[in-house]
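J.: Below are the structure tokens for one structure; questions will follow.
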Amino acid sequence: MPKGDVMRYGPAVRRRKLGAELRRLRDLAGLTSGEAARRVGWHQSKVSRLETGRSGARPSDVVRLLDVYEVADPELRALLEALCGGGASDPEGSRRGWWYAYRDLLPPAYRDFISLESEASAASTLETTVVPGLLQTPDYARAVTRAALPDLPRPQVDTLVEVRIARQSVLRGARPLRLHAVLDEAALRREVGGPGVMAGQLRHLAEVAALPQVRLQVLPFSAGMPIGITGPFIIFSFSHITDLDVVVLDHLTSSLYLERKEDLRAYSAAFDTLRTNALTVKESLTFITKIGGGA
């Protein structure tokens, strides 16, 4: 493991988090690992490997353990089952997320990110250069993708844009993701895709900001630099299991996952400072509309 408990790939984080929760539930059920294993017909070592994250769990494995532990909460069961899939592999097609259909194009780390995003209850994000993916228009997303991957054939660019737009369904589901985004003014001023594309993107931001589950704030240039962080980050929160909360840092060729409590506290405090120094939601909407009117 790299220094500071930094996990380079989401599946490793997910296995550890899932294992810790399975152990907690077993303890609540008053069972030893050997007793749990006997009830499902396994060797005790399999339960141990799952709880320590040394082995990946199949959704059916988790279902059997949750039945033994008498876990009835449907949302908790769904979350734990989802932690088994969406990453590099998921052998049970019935449990796969919609993104599995794009597995040949999307790297495992991106599939895992989408899996976390789809199961999180809330996300707090700072964007410094571009509009967050969950708030992008198709034209803006296409321009961003082309800039990031200039040699990618058009059909693959179109597929990546399709995936990015599909991700936005988390904002409009039965239990929508609560998104709190702080956008640096530079992300609004930077002309991506040309004047027409940018004007459409700014109009879309004003529209999506009206959703009750979306809280959008702008950090204006006049706010200076309230914290030392200069790059984007996102904090995923899970209502049923706070120990699953994770910070994701985006880099050019990979993402870093920070799961230590001290990392979560530091980035949560940084986000609080950012939102305090940013314009209010109402002021931000006025600010975005003003820029859009001049785009």
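J.: Restricting to the range 212-244, name every residue that is of a type in the set (A, V, I, L, M), more than 19 Å from GLU119 (Cα to Cα) and in a loop (DSSP other than H, G, I, E, B).
T.: Of everything in the range 212-244, those that are of a type in the set (A, V, I, L, M), more than 19 Å from GLU119 (Cα to Cα) and in a loop (DSSP other than H, G, I, E, B) turn out to be MET225, ILE227, ILE229.
J.: Here is a follow-up. Restricted to the range 269-282, and to residues that are touching a residue at least 40 places away in the same chain (Cβ under 8 Å), open to solvent by 50 Å² or more (accessible area, probe 1.4 Å) and not β-branched (Val, Ile, Thr), which residue is farthest from GLY224 (Cα to Cα)?
T.: Across the range 269-282, the extreme among qualifying residues is ARG275.
J.: Would you check which residues across the range 114-145 are open to solvent by less than 40 Å² (accessible area, probe 1.4 Å), farther than 20 Å from ALA210 by Cα and either modelled with pLDDT under 85 or touching a Pro at 6+ places or on another chain (Cβ under 6 Å) (or both) and list them?
T.: SER115, LEU116, THR128
J.: Can you list residue pairs whose Cβ atoms sit under 9 Å apart, with the first residue in the range 58-77 being in contact (Cβ under 8 Å) with a residue 60 or more places away in the chain and the second being surrounded by 14 or more Cβ atoms within 10 Å (Cβ to Cβ) and in a helix (DSSP H, G or I)? Count only pairs 6 or more apart in sequence or on different chains.
T.: LEU76/GLU21; LEU76/LEU25; LEU76/LEU66
J.: In the range 60-103, how many are touching a Gly at 6+ places or on another chain (Cβ under 8 Å), outside any loop (DSSP other than H, G, I, E, B) and modelled with pLDDT under 75?
T.: Here the count works out to 2.
The values are calculated or read from the model by the stated rules, or taken from the named source; none is laboratory data. Quick caveat, the model's predicted, so the values are computed rather than measured. Here the Cβ is made from the backbone with ideal geometry for all residues, glycine too, and neighbour counts use every protein chain on show. Protein only, heavy atoms only, side chains kept; ligands, DNA and RNA dropped before computing areas. Shrake-Rupley method; radii C 1.70, N 1.55, O 1.52, S 1.80 Å.
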